[in-house]
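To start, the structure under review is shown below, and the notes come after it.
The values are calculated or read from the model by the stated rules, or taken from the named source; none is laboratory data. No experiment lies behind these values; they were computed from the predicted model shown. Here the Cβ positions follow ideal geometry from the backbone for every residue, glycine too, while neighbour counts run over all protein chains shown. In case anyone asks, the SASA skips ligands and DNA or RNA and just uses the protein heavy atoms, side chains included. Shrake-Rupley method; radii C 1.70, N 1.55, O 1.52, S 1.80 Å.
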Amino acid sequence: MELNKDIRDRILAAADALYEQAGRASFPTVDSVRKVAKVNMNDAATTMKEWRRAQTAQAAPVAITVPEAVHQLHSQALAALWQSAQNTANESLRAAQAGWEAERAEAETINKQLGDAYDAQAVELDAANRQIDELTAKYQGEQKQTTELAQQIEQAQKATLVAENRAAIAEQRAVEIERRAADLRTELDLAHHDAVQTRTELADVRQAQQEQRKTAAQEALRAAERLTATQAERDEARKEAAKAREETAHWRGQVEALKEQQRSLLAAIKTGKKPGGAGE
């Protein structure tokens, strides 16, 4: 397939420039021309063969033929002329052989340069592949860490919701207990009022109604006991509500810390820097 003209011109220009930089003392290598021209190895090698041949080109030998008029000359003159022609032909042959040898040497030189260049490229490719493997492993590790952080955040958010629900339930329970305590206080006040009224009535009629007083006193005692129990239940509910609020605050703090760690890791993935903070 014919080489693209732009690519060929770039290769020839690169070869000429490197040859001049070397003071025309030595030909540039195929790999150095390839790098300057930014082409592939095959295109560089093909064009460099053409370039090197152009640098070592020699004038083509002229074919010697004996004209018809020479055959009509004296045999001695013809023999001398023919010997001269043979000598010229032999010199042309030797020149051609020397050209072939030079071209073969050039081909061997280019082949060696190609081999060295391919070996160098193989080393560079191995190094690049190792770097790609390292970067891939690092990226996969960071992706795994990001996934784990996301799972931790999700778990913390769920725990926060549970704690918030518990706190809301505890608050409602505390309100209900407060209402019940108020009702019991009202009931106790009524019981005390009934007891006072009963004692007043007993004093006015001077009749000992011990059983009625006993009943009223028992009712007052039971009301006081219910009030005490309700107050104790209310205090316990308040403690549970406070504990639930503390747990909610704790989990909210955990969620914020995990989110900050995730943001730091995502920023490290984008910038390629090692993340800092608690996630290190």
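Brief remarks on what is shown
- Förster-model FRET efficiency, 41 Å R0, GLU233 and ALA267, C-beta, rounded to 0.05: 0.20
- The calculated FRET efficiency for the pair ALA182 and THR147, based on their C-beta separation and a Förster distance of 45 Å, comes to about 0.25.
- The apolar share of the surface of region 142-224, taken as the fraction of accessible area on carbon and sulfur atoms (1.4 Å probe, ligands and nucleic acids excluded), comes to 52 percent.
- Rounded to whole numbers, the Karplus 3J(HN,Hα) couplings from phi for region 44-54 are 5, 5, 4, 6, 5, 4, 4, 5, 5, 5, 5 Hz, using 6.51 cos²θ - 1.76 cosθ + 1.60 with θ = phi - 60°, and x at Gly and Pro.
- A Förster distance of 35 Å, applied to the separation of the beta-carbon atoms of VAL196 and ILE169, puts the FRET efficiency at 0.30.
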